[in-house]
Amino acid sequence: TAESGEAGIALFQREKPDIVLTDIRMPGLDGIEVLKRLKLLNPDTEVIVFTGHGDMESAIKALQYEASDFINKPIQKEALDVALRRAHEKIAMRKQIKQYANDLEVKVREATDELTKTYKQLETIYEITQSVAEIPTMKEIIELVEEKICCATGHRCYAVLVLNGSREDIVKNYSYQHVSISKKLASLVRFLKKPEILKPEEIVSLLPSVDKSKDEEIAIVPITKEKEPMVGAAIVGVSHVDPERDLKMISLLLAQVAGAIRRAVLQEEQLEALREMAGAKWKFGDLIGRDKKMEEIYRLVMSVAESDATVLIQGESGTGKELIARQIHELYRSNGPFVVVNCAAYPFSLIESELFGHEKGAFTGAIRTRKGSFEMAHGGTIFLDEIGELPLEAQVKLLRVIQFKEFQRVGGENPIKVDVRILAATSKDLREEIEKGNFREDLYYRLNVIPLRMPPLRERVSDVLLLANDFLSKLNERSKKNVEGLDAECQRILLKYQWPGNVRELENVLEHAFILACGRKITTKDLPEYLKKATEEKGLTGESLEDIERQHPLKILKECNGNKNLAAKRLRISRSTLYRKLEKYGIPNSI
C-alpha cells in the first residue's frame with residue numbers, strides 16, 4: 001500500500017502488479033492522474049477506482065482513462081469481490097489471447113486461411129474486451145457487438161435481445177433492418193441455455209422477416225458468462241460449412257460484453273426510476289401538486305390501486321376528484337373502460353336506467369334494450385360523481401351491486417354479473433345527509449372503504465403558481481401566443497385569493513387572463529375584476545410578493561423551533577438554500 005499518488009507510482013514501478021486499487025481523492029496526485037500514469041507505464045494494468053457515493057463525474061472520467069471498474073464508497077466486500085474477479089478474468093483472457101497470438105505467429109508461414117481467420121477472431125475479442133468498458137450507452141455496446149461479429153465471421157448479427165433487470169422480459173430489441181421478433185422467440189430467450197441452430201421451419205415462425213443468405217445458418221446465442229445468469233441473446237448468421245466454430249467464437253465474444261450490457265440495463269432502469277421519482281414530486285398523472293397533502297394522496301392512491309376496494313373521494317367542487325379517480329383507474333385497470341356517471345345530472349325517472357340499463361318495453365319510450373353504465377364499465381371502472389345526489393331507491397340497487405357484483409336491468413328479471421371497480425365522489429358531507437335521511441348509512445360504509453379527501457386549493461397555496469404555470473404551458477401549446485408567465489403583482493394576487501372554485505376556478509382565471517394578455521407576461525390588468533377586488537378587500541395592497549415569500553420560511557422555522565434541518569425538509573428545499581433565503585430576507589440564524 002501507498003499513502004499518496006506519488007508513492008503509489010514508485011511502488012508500482014518496483015513491484016509491477018497486475019491489479020491496482022486506488023482512491024480518487026488523495027494528497028498530491030489524485031486518482032485520475034495516477035490512473036493515467038499507470039496506463040502509460042503498462043496499458044494492461046487493471047485499475048479499480050474508489051469513488052465517493054454519487055460522484056458519477058469522476059467515475060465516468062476514470063472509465064474514459066481505461067479504469068477496469070469503479071466502486072462507490074463505503075466499499076462493500078461483495079462489490080470489491082466482483083470487481084476483482086472481473087479484473088482477474090480480463091487478465092486471464094488477455095494472457096490467453098496473447099498466448100494464442102504467440103502460438104499463431106510461430107506457425108504463420110505455414111498458416112492457412114483458416115488460421116488467419118482464427119487470429120482475426122481472437123483479435124476481435126481482444127479489441128472488444130479493451131473497448132467495451134469505455135462505452136457509455138447500451139446502443140453503442142450493441143453496435144460494437146454487431147460490428148465485431150460481422151468482422152470475425154463474415155456474417156450478420158440480425159438482432160440482439162436484452163432482458164430487463166429482473167430477467168423476466170425483453171427490454172430491448174436491437175435489430176438489423178428492423179427485423180421483427182415473434183412473441184414465441186422472446187419467450188425462448190429467457191430459458192436459453194446454449195447456442196442453438198434454428199431449423200428452416202423455426203426461422204419462418206420465429207423470425208418471419210429474416211432473409212438469410214444461402215451459405216449460412218441462423219442461430220440464437222445466449223449472452224452470458226460461465227456460471228452467471230443470462231442477460232439476453234443474439235440472433236446471428238453462422239457458417240453453413242462449420243457452424244460450431246463460429247458459434248464458439250461468437251459465444252466467447254458475447255461473454256466479454258455480458259457484464260457491460262447487464263450494467264447498462266441496470267443503469268437505465270435506475271435512471272428511469274430517478275426520473276419518475278423526480279417527476280412524482282410535482283406531477284402524478286394529470287394531477288399537479290407538490291404540497292404535502294397532495295403527496296400523501298399520491299402515496300394512498302399507489303397503495304390502493306391494485307385492490308378492488310371501493311374508494312370514496314370527498315372534496316369541494318373543482319378540487320380534481322375525477323382526475324384522481326382516472327389515475328386510480330389508469331394504474332391498474334387501464335385496459336378496461338372508464339365510465340363516468342354524474343348522479344346529479346339525471347332526474348329520478350332516468351338515473352336507474354342510466355346506471356343499470358333497461359329492457360325493451362320497460363317503460364314508455366323504451367323502444368329497445370339498452371345497456372347501463374355498469375355493463376359498459378365491465379372489466380374497468382365506474383366513477384359515480386356527486387353520489388350524494390343519488391335517490392334513495394337507486395341507492396338500494398347500488399348497495400346490491402357493491403355487495404354481489406350483480407344487478408338487474410329496469411324491467412328485467414335475469415341477474416347480470418359484472419367485473420367493475422366502483423369509485424364514488426361527493427362534495428357533500430354524507431354523514432350530515434345520513435342524519436337528514438337523504439343517504440343510506442349502510443351504503444355509506446360500503447363506499448367509504450378507502451376514504452380520500454381532496455384538499456381545497458386554499459389549503460395548498462404552495463401549488464397555486466405551479467398549477468398556474470402548467471395551465472399557461474397548455475394554453476401556449478394550443479395557441480399561437482407565447483406567454484412566459486405572470487408578473488410579480490399577479491403572483492401576489494393569486495397567492496392571496498381564497499379560490500372558492502378551487503383548481504377549476506384557477507384554470508378559468510388563467511384562460512381569461514391569457515386571452516387578454518398582450519405582452520410576454522400576464523399583468524394585473526389581464527385578471528378578472530372580481531379577483532382583484534376580493535384580494536384588495538383583504539388588505540393585499542400593502543404586502544409585496546417578497547413579504548409573502550419571507551413570511552413562509554419564517555413561519556415554518558418557528559413551528560420547527562428553529563431546527564433548520566427539519567424546516568428545510570418541510571419546505572422541500574436543501575439546507576443551503578434555506579440559509580440563502582434567511583440571509584436574503586434578513587432572518588436571524590438564531591430564530
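The values are calculated or read from the model by the stated rules, or taken from the named source; none is laboratory data. Since this is a predicted model, take the numbers as computed values, not measurements. As a convention, Cβ positions derive from the backbone with ideal geometry for all residues, glycine included, and neighbour counts pool all protein chains shown.
Within the bounds of the stretch 29-46, is there any residue that is crowded, with 16+ Cβ neighbours inside 10 Å, among the hydroxyl-bearing types (Ser, Thr, Tyr) and either without any contact (Cβ under 8 Å) to a residue 12 or more places away in the chain or part of a strand (DSSP E or B) (or both)?
No: zero hits.
Name the residues in the stretch 408-428 that are in contact (Cβ under 8 Å) with a residue 60 or more places away in the chain and among the acidic types (Asp, Glu), would you?
none
Mind checking whether some residue in the stretch 5-24 is small (Gly, Ala, Ser) and either touching a Leu at 6+ places or on another chain (Cβ under 7 Å) or closer than 22 Å to Gly259 by Cβ (or both)?
Yes, the stretch 5-24 contains a residue that is small (Gly, Ala, Ser) and either touching a Leu at 6+ places or on another chain (Cβ under 7 Å) or closer than 22 Å to Gly259 by Cβ (or both).
Tell me, which residue of the stretch 369-379 that is free of Cβ contacts under 8 Å to residues at least 40 places away in the same chain and over 14 Å from Gly412 (Cα atoms) is surrounded by the most Cβ atoms within 10 Å (Cβ to Cβ)? Working first, answer last.
Pass one, the stretch 369-379, residues free of Cβ contacts under 8 Å to residues at least 40 places away in the same chain: 370-373, 376.
Keeping just the survivors that are over 14 Å from Gly412 (Cα atoms) gives 373, 376.
Working: Ser373: 19, Met376: 16.
Out of the qualifying residues, it is Ser373.
Out of the residues in the stretch 47-83 meeting the condition of being in contact (Cβ under 8 Å) with a residue 40 or more places away in the chain and part of a helix (DSSP H, G or I), tell me which one is farthest from Arg263 (Cα to Cα).
Let us first name the residues in the stretch 47-83 that are in contact (Cβ under 8 Å) with a residue 40 or more places away in the chain, namely 60, 63-64, 66-69.
Add one more test, that the residue is part of a helix (DSSP H, G or I), and what stays is 60, 63-64.
Numbers: Ile60: 13, Leu63: 13, Gln64: 16 Å.
Per the stated criteria, the residue is Gln64.
Out of Leu486, Leu399, Leu443, which single residue is out of contact with any Lys or Arg (no Cβ under 7 Å at 6 or more places or on another chain) and in contact (Cβ under 8 Å) with a residue 12 or more places away in the chain? Full working, then the answer.
Details: Leu486 fails: out of contact with any Lys or Arg (no Cβ under 7 Å at 6 or more places or on another chain); Leu399 fails: out of contact with any Lys or Arg (no Cβ under 7 Å at 6 or more places or on another chain).
Every option except Leu443 fails the conditions.
Looking at this structure, is Ile382 aliphatic (A, V, I, L, M), closer than 22 Å to Gln314 by Cβ and crowded, with 20+ Cβ neighbours inside 10 Å?
Criteria met by Ile382.
Based on this model, can you work out whether Arg446 counts as assigned to a helix (DSSP H, G or I) and more than 20 Å from Ala305 (Cα to Cα)? Walk me through how you get there before you give the answer.
Details: assigned to a helix (DSSP H, G or I): yes; more than 20 Å from Ala305 (Cα to Cα): no.
So Arg446 does not fit the description; no.
Residue under question is Ala2, and the condition is that it be surrounded by 15 or more Cβ atoms within 10 Å (Cβ to Cβ), modelled with pLDDT under 90 and farther than 26 Å from Lys225 by Cα; does it hold? Working first, answer last.
Details: surrounded by 15 or more Cβ atoms within 10 Å (Cβ to Cβ): yes; modelled with pLDDT under 90: yes; farther than 26 Å from Lys225 by Cα: yes.
Criteria met by Ala2.
Report the residue count in the stretch 353-368 for those that are free of Cβ contacts under 8 Å to residues at least 40 places away in the same chain and either among the β-branched types (Val, Ile, Thr) or surrounded by 19 or more Cβ atoms within 10 Å (Cβ to Cβ) (or both).
Residues in the stretch 353-368 being free of Cβ contacts under 8 Å to residues at least 40 places away in the same chain and either among the β-branched types (Val, Ile, Thr) or surrounded by 19 or more Cβ atoms within 10 Å (Cβ to Cβ) (or both): 3 in total.
Select from the stretch 140-182 the residues that are modelled with pLDDT of 75 or more and assigned to a loop (DSSP other than H, G, I, E, B) and write down the one among them that is surrounded by the most Cβ atoms within 10 Å (Cβ to Cβ).
In this case the residue turns out to be His155.
Show me the helices (runs of 4 or more DSSP H) entirely contained within the stretch 276-382 in which 2 or more residues are at pLDDT below 90 and more than 18 Å from Asp463 (Cα to Cα).
Values: elements: 292-304, 321-332, 348-356, 373-376.
Filter on the stretch 276-382 gives 292-304, 321-332, 348-356.
Among what's in the stretch 236-245 and is within 15 Å of Ala152 (Cα to Cα) and of a type in the set (Val, Ile, Thr), pick the residue that is farthest from the chain's Cα centre (by Cα).
Per the stated criteria, the residue is Val238.
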